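Trainee: Structure below; questions to follow.
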Amino acid sequence: EPILTVSGVSKTYRNGPTALGTVDLTVNRGEIFALLGPNGAGKTTLISIICGIVTASAGTVTVAGHDVTRDYKAARRAIGLVPQELATDQFESVLATVTFSRRLFGRSGHSAYIEQVLRDLSLWEKRHAKIKDLSGGMKRRVLIAKALAHEPQILFLDEPTAGVDVALRRDMWKLVHRLREQGATIILTTHYIEEAEEMADRVGVITGGKLLLVEEKNALMAKL
Ligand code: ADP
Ligand code: ADP
């Protein structure tokens, strides 16, 4: 059953390049899907369109039954996004930041779920710390916790392991596999073929704004 359908999506930035040609893609519920491609391939543009942050020049995107262009708020409730950059509210505590993210999507604040997420990310002991006082690695953990706060059905990780320490990489993949066992869908971008092969069930190869092929991971190596 598809949770994500991308149909005929393209993007030309104002005063910019055609970042995406015409992309068609379907991802099924419970899949771990990797978008593999070099810098500038259009990976961030594609996930930004899917998440309703960037407007497509053409095409349609449906996430968990919601048309992103018509009702991006409903679509966003189904989506968690872990962006590349570290920007977050520096002066709040970890717990306040993550709880706020949860309430933003209309879920109650106090929750055993939040505690579990913070424990999984080794953030529970730091829950009262201000984000500005955390290390870069801990800040990245907060971004993941924020993205998971409202129990999204589909989680996007943009270059999740770029510049990340070994401990976080290990915790992240444990978390990804547990989320999938709970029925979540995970979509990640990467420019490492090893990471795509190791992590994903299926891999989409993107370059120059074109989705060249989508393969089960075992079939990928044979084609590249
Ligand atoms: P949109 O078409 O989605 O409104 P814009 O074309 O307005 O996007 O671009 C958003 C902003 O990003 C602009 O201020 C643009 O100058 C800036 N920008 C331009 N080139 C790049 C780039 N390569 N990477 C990131 N941002 C860029
Ligand atoms: P990737 O995530 O694969 O590195 P991006 O989606 O960030 O690729 O970028 C695809 C292309 O679009 C690149 O040529 C990039 O410079 C350009 N681009 C990305 N964001 C903007 C923007 N806001 N405005 C103009 N050009 C952009």
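Trainee: Give me the percent of the accessible area of the chain that comes from carbon and sulfur atoms, probe 1.4 Å, all protein chains in place.
Mentor: 50
Trainee: Further, regarding this structure: I need the Debye-formula profile for the chain: one equal scatterer per C-alpha, no solvent, reported as log10 I(q)/I(0) at q = 0.13 1/Å, two decimals.
Mentor: Log-scaled intensity ratios, in q order: -0.75.
Trainee: Mind ranking 43-50, 63-70, 214-221 by how tightly packed they are, going by the mean number of other C-beta atoms within 10 angstrom, highest first?
Mentor: Taking the mean over residues of other Cβ atoms within 10 Å, the ranking is 43-50, 63-70, 214-221.
Trainee: Starting from the Cα gyration tensor of the range 95-205, multiply each eigenvalue by 5, take the square root, and state the resulting semi-axes largest first in whole Å.
Mentor: 24, 17, 11
Trainee: Cross-link partners among aspartates and glutamates for residue 130, C-alpha distance below 13 Å, same-chain residues fewer than 8 apart left out?
Mentor: Within the straight-line cut-off, residue 130 pairs with 89, 92.
Trainee: Sort 73, 132 by heavy-atom solvent-accessible area, probe 1.4 angstrom, most to least.
Mentor: The residues order as 73, 132, largest area first.
Trainee: Still on this structure: Which value, in Å², gives the accessible area per residue of the range 96-222 when a 1.4 Å probe is used on the protein heavy atoms?
Mentor: Roughly 47 Å² per residue, with all protein chains present.
Trainee: Sticking with this one: Straight distance only, please: which lysines reach the Cα of residue 223 with their own Cα at less than 17 Å, same-chain residues fewer than 8 apart left out?
Mentor: Result set, ordered by chain and number: 210.
Trainee: Rounded, prolate or oblate, given the Cα gyration tensor of the range 140-224, with a/c below 1.5 counting as rounded?
Mentor: prolate
The values are calculated or read from the model by the stated rules, or taken from the named source; none is laboratory data. Small disclaimer: the values here were computed from a predicted structure and weren't measured. Backbone-built Cβ (ideal geometry, glycine too); neighbour counts: all protein chains shown. With ligands, DNA and RNA removed, areas are computed over all heavy atoms of the protein, side chains included. Shrake-Rupley method; radii C 1.70, N 1.55, O 1.52, S 1.80 Å.
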